[in-house]
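Taking it in order: structure first as structure tokens, then the write-up.
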Amino acid sequence: MGFLTWLEGTGFADWVRTSASGYPLMITCHAIGMGIMVGLAVLLDFRLLGWFPGISYKSLHRFLGVAWVGFGINFLSGFGLFAAQATMFATHVIFLVKIGFVFLGAITAALLQSAVGRDWASWGAVVPSNVRGIAIASIAFWTIAITAGRLTAYI
């Protein structure tokens, strides 16, 4: 807990915790980053499951770089929110569940980005079942991460 206590004592964490602009800025950036990352990831997931057939895999693949920018915004703003109350967050199951599912969501996004970039042209009309399975898992992971993230407001 020494590191977490130190982190909470930094000027940055104090700014997030006590200033009129720190927390609102971090939570706003967190929402924007989440909207970008999860929105684009879930759009790809739904496309892989057969929705939105008018959107090509190639065009979606290009947007996945933007999704990772959203993930970076979320990572940085999430770090700011965490730093402000690190000792509290690090000991709560709901927060740990959220972080675990964020990482699982990111892993599925990376797997799908790779699969789409490498194989989409060979799929024809049918996406392989393993890719569809990852897309379903991705939707579940992001849903759980967002739900757990909302619940952290109550710990």
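The values are calculated or read from the model by the stated rules, or taken from the named source; none is laboratory data. This is a predicted model, so every value here is computed, not measured. Heads up, the Cβs are rebuilt from the backbone with ideal geometry, glycines too, and the neighbour counts pull from every protein chain shown. For the accessible areas, the whole protein counts, side chains as well, though only heavy atoms, and no ligand, DNA or RNA atoms are used. Shrake-Rupley method; radii C 1.70, N 1.55, O 1.52, S 1.80 Å.
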Cα-based equivalent ellipsoid, segment 5-73: semi-axes from gyration tensor eigenvalues, Å: 36, 10, 9
Sequence of His92, His30 from largest to smallest accessible area, 1.4 Å probe: His92, His30
Put Met26, Met88 in order of accessible area, largest first, probe 1.4 Å, and you get Met88, Met26
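How large, in Å, is the chain by the Kirkwood hydrodynamic radius built from its alpha-carbon pairs?
On the way: mean 1/r = 0.0600 Å⁻¹.
Across the chain, the inverse of the average 1/r is 16.7 Å.
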Over the chain, average the accessible area per residue using a 1.4 Å probe and give it in Å², no decimals. 54 Å²
Simple SL model, points at 7 angstrom along Cα→Cβ for Ile32 and Tyr154; separation in nm is 2.9 nm
Once label points are set 7 Å from the Cα along Cα→Cβ at both Thr87 and Phe52, what is their separation, rounded to one decimal in nm? 4.5 nm
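Please report, as a whole percent, how much of the solvent-accessible surface of segment 1-148 comes from carbon and sulfur atoms (probe radius 1.4 Å). Don't skip to the end; give the middle numbers.
Values: 5820 of 7820 Å².
Result for segment 1-148: 74 percent of the exposed heavy-atom area is carbon or sulfur.
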How far is helix 129-151 tilted off the main Cα axis of the chain, in degrees rounded to 10, range 0 to 90? 20 degrees
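What percent do you get for the relative contact order of the chain when only Cα pairs under 8 Å and 6+ apart count? Please report the intermediate quantities before stating the final value.
On the way: 156 pairs, mean separation 49.7, N = 155.
In percent, rounded to a whole number, it is 32.
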Charge sum, other residues only, whose C-beta stays under 12 Å from Ile144's C-beta, Lys/Arg counted +1 and Asp/Glu -1: +2
From the helices alone, meaning DSSP H stretches of at least four residues, give me the mean residue ellipticity at 222 nm for the chain, per-run term -39500 (n - 2.57), in deg cm²/dmol to the nearest 500. -28000 deg cm²/dmol
Can you find, among Met26, Val126, Phe79, the residue sitting farthest towards the positive end of the charge dipole of the chain, where Lys and Arg contribute +1 and Asp and Glu -1 at Cβ? Val126
How many angstrom lie between the Cα centre of segment 126-155 and the Cα centre of segment 45-67? 17 Å
With each label point set 7 Å from Cα along the Cα-Cβ vector, what nm distance links Trp6 and Ala140? 4.0 nm
Arrange the residues Asp45, Asp14, Asp119 by how much accessible surface each exposes, largest first, with a 1.4 angstrom probe. Asp14, Asp119, Asp45
